[in-house]
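Have a look at the structure below, then the notes.
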Amino acid sequence: VRPLVWLAIFAAGFRSVLGLSITPPYQTYVLYEVYVVPGLAAMMLLFHAMASSLAMVYDREMGSMRLLLTAPLPRWYLLAARLLASVIVGLPLVYLFLFVARFWDVRPPILGYVAVFPALVLSGLMLGAFGLLVSSMSTQMENFAGVMNFVIFPMFFASTALYPIWRLAEAGPVLATIAAWNPFSSAVELIRFALYLRFDMGSMLVVVACLVAFFLAAVTGYDPGRGLWSRRGGEG
């Protein structure tokens, strides 16, 4: 619902305010709705990742997460399976949004819906791994709910999801620098380029590197012997 509200209401108002020049991967001038759809698709992945991480915190408080981690399987395997399952659940909703966006004349090439699949999976895994890392550092659901507000909205708004980097540079070089270094921006651009049958090597490298870094840190955080749980005195 949230991305549709943004597309139907906010984008209609911003269209007359925010003029867009020719910005890659677009080869001509585009409406604001066309520009913002990949960012809203990435936003869906971000919110779904954080919701799944909230469920992880709940499972840990109930004790089921600690029981799962005692299974005779590598800890990284259990977390990776949970992460992959979360992404698989979220992808149909993203595709539904992309098809509904066609009613707003957002019509990428048909093959773009196929080409964007790996980009969505990689971006979803990276954001999900980041959510796992954040959940591993949260001791209670109340704390995690507060952290979500301080993580989701800065990541989303300080990125290229809603505005191109040159537009942010007009507002201030600091904001543009933050957006350029924001991993979420790389996820947005990876999706944007793939949806229009283009490949952004730089964004893919950033997304893959962040995925590996976030996941390894999350595995460490969920290790009772080495991570943050070792300082919680047997919580769960």
**Message:** Looking only at the range 111-124, count every residue that is closer than 30 Å to Arg60 by Cα and surrounded by fewer than 24 Cβ atoms within 10 Å (Cβ to Cβ) and tell me the total.
**Reply:** 2
**Request:** Name the residue, out of Pro108, Pro118, that is over 13 Å from Phe215 (Cβ atoms) and modelled with pLDDT of 95 or more.
**Result:** Pro118
**Fill in**
Conditions (1) more than 23 Å from Ile22 (Cα to Cα); (2) within 11 Å of the chain's Cα centre (by Cα) -> Cys210 fails only (2)
**Prompt:** In the range 83-110, which residues are surrounded by fewer than 18 Cβ atoms within 10 Å (Cβ to Cβ) and among the β-branched types (Val, Ile, Thr)?
**Reply:** Ile88, Val89, Val100, Ile110
**Message:** So if I check each of Pro92, Pro109, Pro72, which one is touching a residue at least 60 places away in the same chain (Cβ under 8 Å) and of a type outside the set (Gly, Ala, Ser)?
**Reply:** Pro109
**Request:** Mind telling me which of the residues Met56, Met126, Met44 ends up being assigned to a helix (DSSP H, G or I), aliphatic (A, V, I, L, M), touching a helix residue (DSSP H, G or I) at 6+ places or on another chain (Cβ under 6 Å) and farther than 20 Å from Cys210 by Cα?
**Result:** Met56
**Request:** For Leu133, indicate whether it is buried (at least 17 other Cβ atoms within 10 Å of the Cβ), part of a helix (DSSP H, G or I) and under 17 Å from the mean Cα position of the chain (by Cα).
**Result:** yes
**Pairs with Cβ under 8 Å, 6+ apart, first in the range 154-176 and in contact (Cβ under 8 Å) with a residue 12 or more places away in the chain and outside any helix (DSSP H, G or I), second crowded, with 19+ Cβ neighbours inside 10 Å and among the acidic types (Asp, Glu)** = Thr160/Glu189
**Message:** I'd like to know if the range 70-82 contains one or more residues that are surrounded by 14 or more Cβ atoms within 10 Å (Cβ to Cβ) and modelled with pLDDT of 90 or more.
**Reply:** yes
**Prompt:** Does at least one position in the range 106-114 carry a residue that is among the basic types (Lys, Arg) and farther than 25 Å from Leu4 by Cα?
**Reply:** no
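Select from the range 148-183 the residues that are of a type in the set (Val, Ile, Thr) and closer than 17 Å to Pro25 by Cβ and list them in ascending order.
The answer is Thr160, Ile165.
The values are calculated or read from the model by the stated rules, or taken from the named source; none is laboratory data. Note that the structure is predicted; figures quoted are calculated from it, not measured. Every residue, glycine as well, gets a Cβ built from its backbone with ideal geometry; the counts of neighbours run over all protein chains shown.
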